[in-house]
Amino acid sequence: MLFSQANGRRVVGLTEAEVLGSLAALSVASAPARVTALKLKGRGPRDVLAWRQVESFGPDAVTVRAGGEGGDDVQDDEFESRRDPMGKPVITEDGHCLGKIVDVEFDGTTGRVQRLMATDEEIAGERLLGVGGYAVVVRGG
Amino acid sequence: MEWWGWLIVAVVVLAVLIASALVTQARRRRGGVIAGGGQRPGEGERGGRR
Amino acid sequence: MTRYVRASELVKKPVVTFDGEDVAQVKDILFEAADGSVRGFTLAGRGLFSGPLKQTLAAGRVHGLGPDAVVIRDGTALSGDDQPAVGVPGGGDVMGATALTVKGTELGKVVDVIIEGSRQPVVAGYEVESSGPPRRRVLLPVLRPVGVSGDMVVVPDAVVDFAAGDLAGFAEAARGLRHRLEEE
């Protein structure tokens, strides 16, 4: 699943049976590289969902179980936006820039990040060291 | 002077202050390549430390 | 991948943690005149209004050093209260110093310093602009300068034979000089 394809997809709460918003951003953590949270755009009551609330990444909608106080994995919005890799420069551990992140490929079931697409190179998810406010840092030259 | 005259003066003064602050901080952030004297205590003397 | 980085490219480059945060930027590069080893870096803040930082970064704490960033494991790599700061060497800034050979030939002004970025970064040479005319810039591999101060860098005469035009040629020139020194 490419983020560029999933971006803007409706996010539907299963218990409420209503659209909570549309997918706007991912938050990515390392070791192992995985999506930890989703950011939604829309007028819904919550705009951040933890990955474990996701039921399925369907072709027409992302279904989630947003009911209850399920969002305790997610601390605050500021934390989330720091971990959004899109558009950030990719820096290797030896100080070279590989361009900016243009897309992220992840497994819709497990949330594992398989590949990070930078402008100059495609990077395997295992190489991810971290995503922060300034850059995405990856292993290898 | 009209009231807006003072406003312009205030804005200009503020702009100058901000610009000078930016310039000084940029200058303070600028660095160089600093050579060491090459001697540490106990290593003996090799040339003069400046 | 280029192993060599110009000091001017390194100055102002962000210091980035594995977590992807830019905790500081490089201000000065401090090196040991005797063997060229880079001791560490003084730092400045990243913000538009921020000035120099008290914290320094010892060369041994650097994970990787390249043309786009200095990478460290985490913020503890910077000197804090628990860690001694990198000592400020006694000499001056070699940028703008005069390059002179042992036999007394003035080569020009030092306009840049070439740093070999590896586990232990080393000053590998100098970019010198001849006072001309015509003004031209050459890269001189200098393994061991005879003497270095903020005013002057004294180099062996042999380095002149190994002047390179660019960083790509510099690697070759440095190898050539090393080879020559081993023969002697």
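Please treat every number below as a calculation from the coordinates, not as lab data. These numbers were taken from a predicted model, which means no experiment stands behind them. Cβ atoms come from the backbone with ideal geometry, glycine included; neighbour counts cover every protein chain shown.
Taking Cβ atoms as reference points and 9 Å as the exclusive limit, the residues near residue A:22 contribute a net charge of +3, counting Lys and Arg as +1 and Asp and Glu as -1. Annotation: the residues A:23, A:49, sorted from fewest to most other C-beta atoms within 10 Å of their own C-beta, follow the order A:23, A:49. Among the residues of C:23-29, the average count of other protein chain beta-carbon atoms within 10 Å of the residue beta-carbon is 3. Per-residue shielding of C:11-17, expressed as the average number of other chain Cβ atoms within 10 Å of the residue Cβ, stands at 5.
Which order do A:52, C:61 fall in if you start with the one that has the fewest other Cβ atoms within 10 Å? It would help to have the intermediate numbers written out before the result.
Numbers: A:52 13, C:61 17.
Fewest-to-most ranking of A:52, C:61: A:52, C:61.
Placing unit charges on the Cβ atoms only, positive for Lys and Arg and negative for Asp and Glu, gives the stretch C:98-183 a dipole magnitude near 40 debye about its Cα centre. Once you divide the Cα radius of gyration of the stretch A:89-138 by 2.2 N^0.38 Å, the number left is 1.07. Three principal axis extents describe the C-alpha atoms of the stretch C:4-77; from largest down they are 35, 25, 21 Å.
If Lys and Arg each add +1 and Asp and Glu each add -1, what is the summed charge of the other residues whose beta carbon sits under 15 Å from the beta carbon of residue C:180?
Its environment carries a net charge of -3.
Taking a temperature of 37 °C and a viscosity of 0.692 mPa s, what whole-number D in µm²/s does Stokes-Einstein yield for chain A with Rh from Kirkwood over alpha carbon pairs?
Translational diffusion coefficient: 217 µm²/s.
For the protein assembly as shown, dividing the convex hull volume of the Cα atoms by the residue count gives 224 Å³ per residue.
Binning all Cα-Cα separations of the stretch C:98-183 at 5 Å, short to long from zero, yields these whole-percent fractions: 3, 15, 27, 27, 18, 7, 1, 0. One equal scatterer on each Cα of chain C, no solvent, Debye formula: the resulting log10 I(q)/I(0) at q = 0.08, 0.09, 0.19, 0.20 Å⁻¹ is -0.26, -0.33, -1.25, -1.34.
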